[in-house]
Amino acid sequence: MNRCYECFIFLFSVFFSSAQGKGENILLNILHEHPKQFDSVLQNSKRYRLQIIYTQIDRDDKNRPHLTTYCVDTNATYFYCASMVKLLEIPLAIEKINNIKKKLGVTVYDSMVVSGDPCGDPNETNYKSYRATLCTPAQMIKEMLLVSNNHAFNPLYDFLGQAYFNKRAHELGYTSATICSRFANCDSFQNRITSSVLFYDKGTGHLKYIQPATINPGEPKVRNMNTVVGRGFLNADGIGPPKDFAFNNYVSLLDLHRVLISLIFPNIQPKSRKLNLKAVDYAFIKKYLGMFPRESLSPKYQFPDNKVKFYLALKDTNAHAPDHIRIFNKVGEAYGFTTDCSYIEDTLNKVEFFISATIYTNKDEILNDDIYEYESIALPFFRNLFTAVYDYELNRGRKRSPVFEPRDFTDQLN
């Protein structure tokens, strides 16, 4: 098992300190203290394609966060990030809108229309038929974060454009990012085409901006790792060859962890990694990262609090999370892969930390048969992982308690 305890070196020039030289991996120590919960997974980490990243946060006398990160098997093998790619799309889309706003006044609260559909996907057509109030980028972002709406990803994919999406991600240092596809029934060529995008003033209906259709001259493909997973893929004709994820979106768990840190603590980013986002943009993203689906007013959702917060263990589906604990996160779940990148904030006990993990649970190694061990292995693993790290954090000595910024979880889109 590749057990690293220094994941990022000098990631944040002043506020990050690595664990190098401390002689121990605290994350592994935590896991080994709970053999009943973790030994079976750790001893079969290759089969489970296990990766875990844990970042401690210590505040200085000015309340600035200093980060120390430990990890297990980071980037040791391929994993399908699935809906996790939305965590990267959201800030890039807001930044691009902000760049247009300087000249044309476009905002995330304007109506956005994607003209045409290069995939011919009926589900995508259904999404475009949403009433106008649901077609603002703000609403799309909200639904991606609250319930991981795949249809909401696709219009912003067209707006960013495949080539720009990849280029900007790499400029920000997320060099693992390989953005290949929509969540739609497209082939690799169709995914290179992005339709024209129009913005209309939500109040007056006047056209503000037209972005022409584009095509990416290159063909993004996941490289430098084995992207073939399983022993077969179930399709209409039966079980075929294994699935090759080379033309599916990929962002490493480490880069996703870094993205989340940049959204929670934007002020500690070096200049080269800073987005053109305002304080109000970060507040907007944080709100919907941390909200529970039940707190949404439009649409109304009848989901338990752990619907898209895999670390949260509840006694029953009607139970609510404790009022003093908020989990700011994004999850992905598909083809047996389960992933969650989270920032935990406990305002009562003054505890905060980042925890990201991915695990693959597909005993029969047949993909697309909907026979995965999500409920029996993956989700219990996530809940046990949270409990073990949280209990450690409750008892970890801190020189200073964090002072948390005020949070607003009222559902209101301007």
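The table below gives the values:
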{"item": "Flag if residue 409 is among the hydrophobic types (A, V, I, L, M, F, W, C), in a loop (DSSP other than H, G, I, E, B) and touching a helix residue (DSSP H, G or I) at 6+ places or on another chain (Cβ under 8 Å)", "result": "yes"}
{"item": "Candidate set from the range 333-350 (those that are surrounded by fewer than 23 Cβ atoms within 10 Å (Cβ to Cβ) and either of a type in the set (D, E, K, R) or free of Cβ contacts under 8 Å to residues at least 60 places away in the same chain (or both)); member that is farthest from residue 394 (Cα to Cα)", "result": "333"}
{"item": "Pair list, Cβ < 7 Å and 6+ apart or interchain, from the range 73-99 residues that are under 25 Å from residue 113 (Cβ atoms) to residues that are among the acidic types (Asp, Glu)", "result": "94/281"}
{"item": "Residue identified as more than 25 Å from residue 368 (Cβ to Cβ) and either of a type in the set (A, V, I, L, M, F, W, C) or in contact with a helix residue (DSSP H, G or I) (Cβ under 7 Å, 6 or more places away or on another chain) (or both) among 234, 172", "result": "172"}
{"item": "Filter result (β-branched (Val, Ile, Thr), farther than 21 Å from residue 163 by Cβ and surrounded by 15 or more Cβ atoms within 10 Å (Cβ to Cβ)) within the range 196-226", "result": "none"}
{"item": "Every residue from the range 271-321 that is assigned to a loop (DSSP other than H, G, I, E, B), more than 16 Å from the chain's Cα centre (by Cα), basic (Lys, Arg) and at pLDDT below 95", "result": "274, 300, 315"}
{"item": "Every residue from the range 93-107 that is surrounded by fewer than 21 Cβ atoms within 10 Å (Cβ to Cβ) and on the phi < 0 side of the Ramachandran plot", "result": "95, 98, 99, 100, 101, 102, 103, 104, 107"}
{"item": "Residue check, residue 328 touching a Lys or Arg at 6+ places or on another chain (Cβ under 7 Å), assigned to a strand (DSSP E or B) and under 24 Å from residue 253 (Cα atoms)", "result": "yes"}
{"item": "Residue match in the range 322-332 (condition: surrounded by fewer than 22 Cβ atoms within 10 Å (Cβ to Cβ), in contact with a helix residue (DSSP H, G or I) (Cβ under 6 Å, 6 or more places away or on another chain) and either within 29 Å of residue 45 (Cβ to Cβ) or touching a residue at least 12 places away in the same chain (Cβ under 8 Å) (or both))", "result": "no"}
{"item": "Pairs with Cβ under 8 Å, 6+ apart, first in the range 237-249 and farther than 14 Å from residue 366 by Cα, second modelled with pLDDT under 95 and in a loop (DSSP other than H, G, I, E, B)", "result": "246/223"}
{"item": "The lone exception for residue 349 - which of (1) out of contact with any Leu (no Cβ under 8 Å at 6 or more places or on another chain); (2) of a type in the set (S, T, N, Q); (3) in a loop (DSSP other than H, G, I, E, B) it fails", "result": "(1)"}
{"item": "Of all residues in the range 358-380 being out of contact with any helix residue (DSSP H, G or I) (no Cβ under 6 Å at 6 or more places or on another chain) and hydrophobic (A, V, I, L, M, F, W, C), the one that is nearest to residue 322 (Cα to Cα)", "result": "379"}
{"item": "Only one of 286, 274, 278 that is free of Cβ contacts under 8 Å to residues at least 24 places away in the same chain and either of a type outside the set (Ser, Thr, Tyr) or more than 18 Å from residue 170 (Cα to Cα) (or both)", "result": "274"}
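The values are calculated or read from the model by the stated rules, or taken from the named source; none is laboratory data. Predicted model only: the values in this text are computed from it and were never measured. Positions of Cβ are generated from backbone atoms using ideal geometry, with glycine treated the same way; all protein chains shown enter the neighbour counts.
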